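J.: Encoded as structure tokens, here's the structure I'll be asking about.
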Ligand SMILES: Nc1ncnc2c1ncn2[C@@H]1O[C@H](COP(=O)(O)OP(=O)(O)OP(=O)(O)O)[C@@H](O)[C@H]1O
Ligand SMILES: Nc1ncnc2c1ncn2[C@@H]1O[C@H](COP(=O)(O)OP(=O)(O)OP(=O)(O)O)[C@@H](O)[C@H]1O
Ligand code: SF4
Ligand code: SF4
Ligand SMILES: [Mg+2]
Ligand SMILES: [Mg+2]
């Protein structure tokens, strides 16, 4: 096993108010060369989970419990500088806003070369050459020239490629892609996904792929963790999840997709809205919106068992919900 | 029957960068010769990538920003001049719903006041505001609240309610659900469709999400760099798109079904800068079927039995 | 290139307005012969000088002939010293340049690092201390600080000379007086600019690369944060020249500032005007330097067009 999060919890201090816990007891694991998708609606704690893993939590935030194991070594138990050194060597991240994520006053080549030097400790010259090689590797045309240019001279897609080049500098073993394609057009998104998949298999990286788009999950992930209000609602192999979701929330999400509806009919919906994380109901956080809710749900927090954190999960192995046929010519 | 909305060869240019003392700023057409019709009670989906001119087109057809050339007729009559009495009167019959619901509302005014505002402007009975709130499925108590007390989905309902108060015949919706979470998206899509059924409004539904458009539209128009490259009835479009760009777009949509994985899909490279569109067919640098002719000669939008497409090679490619 | 022309044009117009204003104010506010000549000279002598200095012509004519001479590079004669006004002013330039340059150096060398530290350790005791000092330095009137320094270092401790110029010891107090206020302002601008930059997504990228704090601050944040600071600096040069007048007076520093006060007092028009032109010129030059530095710091200014694949 390459990486596992065990019971990870994150707390963020707030001035003049109680701290909030955007991540509460999240566990998952992944192997080398595998993609785990972290999916859920806005504010459910996907980014906080990633930042905690990457050691990039905001100043007021901290890991308040659990373990992060990289090759069996618990990052949370190591002294801070050793943990950061391990992260630096083996782990890297790509975020949504690639253009904002690159320094506007430094050339693309400089920024990639810096990553090479920090992760591998090469000479300036070697790092520069390696940067150009990496930029070519992520499909940037004419990398030699492009390396001398600045982020504002690149399109959004090119900047995302540059960010990926920066992330794979020094061959990390775990890549965290937090909504890495969300800001891109579908045609670009498809290309960036191809690139990530290609790098994953050629470099043998594990990938944590964060998204709110179930279509992307279906197309990229091996395993899926569906998050709701800071916890994992369901954890499953991708085929199983799409064939037979067990948690009512996962089921609701999948049913609300237009692709899964009869033509022209109404979409299935999940009533209500996600509660704010500082005002969660007791017991199961999904209870106010859940069609299967019982008295027990309001009192007792369901534990993750057999892949679903629910007192009344849907039965496994129902017939796959139908996906509309679409012909591509 | 006359179409409710008809646009003929619309053009709108914007300036690129700043001009100098001795240099005129360069301009480019963000909307470049777009023609479309929309019938009563119908939904036309407009899809296309970021920057292709969807939002610009939305504002143009409502007369909210002036077009450089072309013609717009609403219910058989040309759009009156902006600011005239007729123009103001027409506002009641056509409404715009923006993508950014939070930005379209005033944070300091209560929801009720904002929904009633168009009624006040047009001297209509304020009771309609309550009805509109009910129509979009919000409790009356919401009227007293302020925008920051509402969720994204609720805000989008408010914006729709505000547009509804005037009982328009045409609603232009610019990405009405793009900013919403999946589960909320479905709620709003249902609402939009229910309202249409109850009132027979026509929708110009702008979106970059082909799945949603598939669900709500009757016809689909695909825009590329300011031009419509294909327009077709929904079923025809989604089963057999004609234009190479439409095909690439459809192929790039991530289908939420793991069984479809590994489907070989054409990848068409990065989009060009909208402010400096390529010559000939604007799609040629990304088109897998481009020929020399495509590089120099812009293809016309041609009729193919109830649908239109702009490509030199449609006949060959559909064999 | 057009922007340079526009800038020059605007500077020229401003300068013209200033010159006209100063000309009329000085001419209408008093007769130089009354100030410069001894009280007991007879009317004939006075008339002689009036004619010699061209003060007998109608005001309008004086103005046009002054402008005409100016366009030919003739700044006129200093009434007081009876020599070329430009020469009088030019002799003082090195002194003021030395004072101003040292003050700017102090402002940057003290202000920038303090601002950076305050931003990096935001809300800590360090931040609060630095900002308190900055508020203090900022609100302390220039002349008051000067006098305070003189009291302490010249009169009490007797380690530094209270006036004059010539040695490094003479420079310390005036430069510190002039520089302190600016150091405080620079510290505040640097701090807010840094705070803004530190929250940018690219700083997180740097962190995720594993760059240490020093590297993140010096290589990533500072180059971005200094862009607005440089802009401010360009604007402040003018203000600084204003304060230089006060400082030079307090320390009897024989620079442009002191020359200006005495020239105004004696209605020595040619000298005042010459100083005005020099000041305007300095400010335009400062602006241009800022633009150059700006382009050097920020590639978005340097390479304008947005190229795409
Ligand atoms: N500095 C903060 N102080 C308090 N709460 C915070 C802070 N930052 C984030 N949160 C809260 O933490 C929760 C989780 O946020 P997170 O960014 O992880 O969500 P996400 O799943 O990534 O959502 P999105 O899809 O919008 O990116 C949110 O409810 C958010 O309001
Ligand atoms: N006011 C404006 N001034 C100058 N250029 C503009 C202006 N508004 C839009 N543009 C440009 O016109 C083009 C079309 O913009 P428009 O907003 O219509 O695109 P869009 O299809 O709605 O894109 P998106 O999907 O990102 O909303 C873009 O290249 C945009 O940069
Ligand atoms: S625990 Fe109860 S409320 Fe929660 S998801 Fe399961 S059935 Fe629904
Ligand atoms: S005209 Fe040519 S380049 Fe354009 S879409 Fe058709 S085949 Fe492709
Ligand atoms: Mg996030
Ligand atoms: Mg738009």
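J.: Would you check if residue B:282 is away from every other protein chain (no Cβ under 11 Å) and under 20 Å from the mean Cα position of the chain (by Cα)?
T.: No.
J.: Still on this model: Determine which member of the set A:266, A:260, A:296 is over 23 Å from the mean Cα position of the chain (by Cα) and within 12 Å of ligand 3 (Cβ to nearest atom).
T.: A:296 is the lone residue from the list that is over 23 Å from the mean Cα position of the chain (by Cα) and within 12 Å of ligand 3 (Cβ to nearest atom).
J.: Tell me, please, whether a residue that is modelled with pLDDT of 90 or more, surrounded by 14 or more Cβ atoms within 10 Å (Cβ to Cβ) and away from ligand 3 (no atom under 16 Å from the Cβ) can be found in region B:79-93.
T.: Yes, there is a match, as at least one residue in region B:79-93 is modelled with pLDDT of 90 or more, surrounded by 14 or more Cβ atoms within 10 Å (Cβ to Cβ) and away from ligand 3 (no atom under 16 Å from the Cβ).
J.: So, in region B:144-154, exactly how many residues are part of a helix (DSSP H, G or I) and within 11 Å of chain A (Cβ to nearest Cβ)?
T.: Of the residues in region B:144-154, 3 are part of a helix (DSSP H, G or I) and within 11 Å of chain A (Cβ to nearest Cβ).
J.: If I go through region A:53-81 residue by residue, how many of them are within 13 Å of chain C (Cβ to nearest Cβ) and either more than 19 Å from the chain's Cα centre (by Cα) or within 16 Å of ligand 5 (Cβ to nearest atom) (or both)?
T.: Going through region A:53-81 one residue at a time, the tally reaches 10.
J.: If you don't mind, another one. So residue C:152 passes all but one of these: (1) closer than 18 Å to residue C:103 by Cβ; (2) away from chain A (no Cβ under 14 Å). Which condition number does it fail?
T.: (1)
J.: Is region A:114-129 home to any residue that is surrounded by fewer than 19 Cβ atoms within 10 Å (Cβ to Cβ), under 25 Å from residue C:225 (Cβ atoms), touching a helix residue (DSSP H, G or I) at 6+ places or on another chain (Cβ under 8 Å) and in the same structural domain as residue A:201 (by TED's automatic domain parsing)?
T.: Yes: region A:114-129 contains one or more residues that are surrounded by fewer than 19 Cβ atoms within 10 Å (Cβ to Cβ), under 25 Å from residue C:225 (Cβ atoms), touching a helix residue (DSSP H, G or I) at 6+ places or on another chain (Cβ under 8 Å) and in the same structural domain as residue A:201 (by TED's automatic domain parsing).
J.: Next up: Take residue C:250 and tell me if it is more than 14 Å from every other protein chain (Cβ to nearest Cβ), modelled with pLDDT of 80 or more and over 20 Å from residue C:81 (Cβ atoms).
T.: Taking the combined requirement at face value, the residue satisfies it.
J.: Out of A:305, A:268, A:279, I need the residue that is over 19 Å from residue A:45 (Cβ atoms), modelled with pLDDT under 90 and surrounded by fewer than 14 Cβ atoms within 10 Å (Cβ to Cβ). Which one?
T.: A:305
J.: Looking at (1) more than 9 Å from chain A (Cβ to nearest Cβ); (2) surrounded by fewer than 21 Cβ atoms within 10 Å (Cβ to Cβ), find the lone condition where residue B:204 falls short.
T.: It fails just one condition, (2).
J.: Which of the residues that make up region C:235-248 are in contact (Cβ under 8 Å) with a residue 40 or more places away in the chain and crowded, with 17+ Cβ neighbours inside 10 Å?
T.: Passing the criteria: C:236, C:237, C:240, C:241, C:243, C:244, C:246, C:247, C:248.
J.: To continue, here is another question. I'd like the residue in region A:308-329 that is surrounded by 11 or more Cβ atoms within 10 Å (Cβ to Cβ) and facing chain B (nearest Cβ under 10 Å) and, out of all such residues, is modelled with the lowest pLDDT.
T.: A:329
J.: Being away from chain B (no Cβ under 12 Å), in contact (Cβ under 8 Å) with a residue 24 or more places away in the chain and outside any strand (DSSP E or B): is that true of residue A:246 here?
T.: Answer is yes for this residue.
J.: Report yes if residue B:256 is within 16 Å of ligand 6 (Cβ to nearest atom) and assigned to a loop (DSSP other than H, G, I, E, B), otherwise no.
T.: no
J.: Of B:220, B:253, B:182, B:216, which residue is closer than 26 Å to residue A:211 by Cβ, touching a residue at least 60 places away in the same chain (Cβ under 8 Å) and within 12 Å of chain A (Cβ to nearest Cβ)?
T.: Just one listed residue meets the conditions, B:216.
J.: Quick test for you: out of B:10, B:44, pick the one residue that is assigned to a strand (DSSP E or B), more than 24 Å from residue B:273 (Cβ to Cβ) and at pLDDT 90 or above.
T.: Within the list B:10, B:44, the selection yields B:44.
J.: Using the structure shown, decide if residue C:191 is away from chain A (no Cβ under 14 Å), more than 24 Å from residue C:153 (Cβ to Cβ) and either in contact with a strand residue (DSSP E or B) (Cβ under 9 Å, 6 or more places away or on another chain) or not in a helix (DSSP H, G or I) (or both).
T.: No: the conditions fail for residue C:191.
J.: Now, a different point. Would you please name the residue that is farthest from residue B:183 (Cα to Cα), looking only at residues in region A:280-311 that are touching a residue at least 60 places away in the same chain (Cβ under 8 Å) and in a loop (DSSP other than H, G, I, E, B)?
T.: A:306
J.: Go through region B:284-294 and give me each residue that's assigned to a helix (DSSP H, G or I) and surrounded by 14 or more Cβ atoms within 10 Å (Cβ to Cβ).
T.: The answer is B:284, B:285, B:286, B:294.
The values are calculated or read from the model by the stated rules, or taken from the named source; none is laboratory data. Given the structure is predicted, the values throughout are model-derived calculations rather than measurements. Don't worry about glycine lacking a Cβ; one is built from the backbone with ideal geometry, like all the others, and counts go over all protein chains shown.
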